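The structure appears below as structure tokens.
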Amino acid sequence: MMAAQWPEVERAEKEKRRELVLQAVDERLRQSDGQLPAALFSLTLLNYLEVSGCSELRELPPELGRLCHLQSLILCRNRLRSLPRSLQQLRALRVLDVSGNELEELPAELSELPELCTLNVSWNRLRELPAGLERCSKLAGLSLSRNLLSRLPPGLMSPRLALLANISAADNLIQELGAEVGHLAALKSLDLSNNQLTEIPPELADCTKLKEINFKGNKLKDKRLEKMVNSCQTKSILEYLRVGGRGGGKGKSKTENAVKEDVKDKKKKQRKQKKESDGEEEEVEDVSKMMLRILHISENPAALTVTVSASVKDVRPYIVCCVVRGMSLRPGNALKRFLAAQTKLHEDLCDKRTLATIATHDLQRVKGPLLYDARPPKEFTIVPLNRKEINAKELVRQLQLEAEEQRKQKKRQNVSGLHKYLHLLDGKENYPCLVDSENAVISFPPITNSDKTKIYKSTQDLLLEVTSSSSLQICKDIMDALIAKMAELNKFTLENKEEEVTSDTEADGGDAQQPVTGPTLESEGSSQLVLEQVRVADADGNLKVLYPSKTDLNLSASSFIVVR
């Protein structure tokens, strides 16, 4: 049978493209005995390759190693049964997604990838991870959902994995979590729900940045701990583990725990005495902190709501929103600092928007209720930041042309601005968008949001939006970080008493996706930000997420306090 033509590959070779997406190409794979075209592995300029949704794709050739400039390799929802050892030759690889395949093991060579930041092996048949994974010292995110892992390998818990922040290993057959978990100093989220754990190691309490844990669905021996787990009491669980748990806990003697309890009681008495004798001083200290007061949706008859269309499921399914009132952006460089902070979050925590995208809007220009939808790019228009109204397809086309021209002029591979996120839309038939009640698109993640809701210095009340194609928890973690940073910046602005700028000009937000504001009430500045809960529900009214909930914003920050 004659081999099928692969026009996408030919076009990428002819135009010297850096990105290539092949989706649902089963018919062509059947005609080529399940093999990808050999020409694909000659595209050595590629830095992004996606081959997904192909039930006929069961193996990859060793020639994969030729793609030496590859930074992102997306191989999700295929039927791969193995990965080639030549994977180790992809020395620039930062993102590897092999979720939704039939992998029973991963090659040991995976640990030879020095730049690997994100690894997704969800929905496979894995029983363990390859030894030596700690050599991927920059590994930042790990998802192991719904595998058949019987244990987590010792190498995973190496102290050298200093940036590992999120572990999801839900719905596996994991029987034991080793004490090495305490070495993950940057761990923020741990999901081991629906496994076969009987104990939680007390060393978990050594993870000082941990704020979200889930051990539901495990039959724990300690029933008191199991009750805390089922109630999602993260702080209580960690404190319980920290003092050794009932009966001393695993690995801690009763004597050690008795001493700790005695010290703890003494400290409590000392704090109580100090509070009684020096109440005024403590009150002054609290006043100096930025207060975050949460206004619950039940207390807010005008609460903003977001409806999520079913069409976003296969495009960018997760969204979390929150309203923040009382932000001081008029003095000095307050607005520039805010925009710079958002850009830094995009670069670091959001992993250059591959994990999530932040958008911030002037609330006065937002007409609720809102709809989070996915639409054909020819069928919706947006007024992008600092541009004229245009439909989404044409906007992306223009940005692609600009990116190519920029590459040629600067004679380099990397691009800046909005251009560097274009590959995140490759192969998408529909594009995600946030639409107001007047059917105006106010956000087009992950590219830009509308000039209609752009932030100016007079803006005080903001709508925050975080979207992701990865997980809801990532959205919540990034929203937590954004709000914490806003509190820190607002405190800095108020304490430094910078001169207010009377004109309402816009700061240079670059590509920071900062959403013009109408007149707002003037304020001398307050040490309080009010957070209004935003309810996100599906088309039938079923709740998807309410933020901030009681489990959100449990941050150990000395610069602010949360009043719930």
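Each reported figure results from applying straightforward, stated rules to the coordinates on display, with no laboratory input. Remember, predicted model here, so these are calculated numbers, not experimental data. A quick note on method: Cβ atoms are made from the backbone with ideal geometry, for glycine too, and the neighbour counts reach across all protein chains shown.
Side notes on the structure shown:
- Long-range Cα-Cα pairs in segment 435-483 (distance over 14 Å), rounded percent: 62 percent
- When you count the other C-beta atoms within 10 angstrom of each residue and take the mean per peptide, 35-45, 297-307 line up highest first as 35-45, 297-307.
- Rg/Rh for segment 31-99 (Cα atoms only, Rh after Kirkwood) is 0.92.
- When peptides 79-89, 190-200 are sorted by average Cβ neighbour count within 10 Å, with the highest value leading, the order is 190-200, 79-89.
- For the pair segment 428-498 and segment 225-239, the centres of their Cα atoms are 31 angstrom apart.
- Taken about its Cα centre, segment 1-96 carries a charge dipole of roughly 360 debye when the Cβ of each Lys and Arg holds +1 and the Cβ of each Asp and Glu holds -1.
- Here's the picture: charge each Lys and Arg Cβ at +1 and each Asp and Glu Cβ at -1 in segment 298-353, and of CYS321, GLY332, LEU304 the one pushed furthest to the positive end of that dipole is GLY332.
- Set LYS235/LYS485; LYS216/LYS485; LYS211/LYS367; LYS188/LYS452; LYS336/LYS491 screened for pairs whose C-alpha atoms are more than 27 Å apart: LYS216/LYS485; LYS211/LYS367; LYS188/LYS452
- Peptides 98-109, 115-126 ordered by average Cβ neighbours within 10 Å, highest first: 115-126, 98-109
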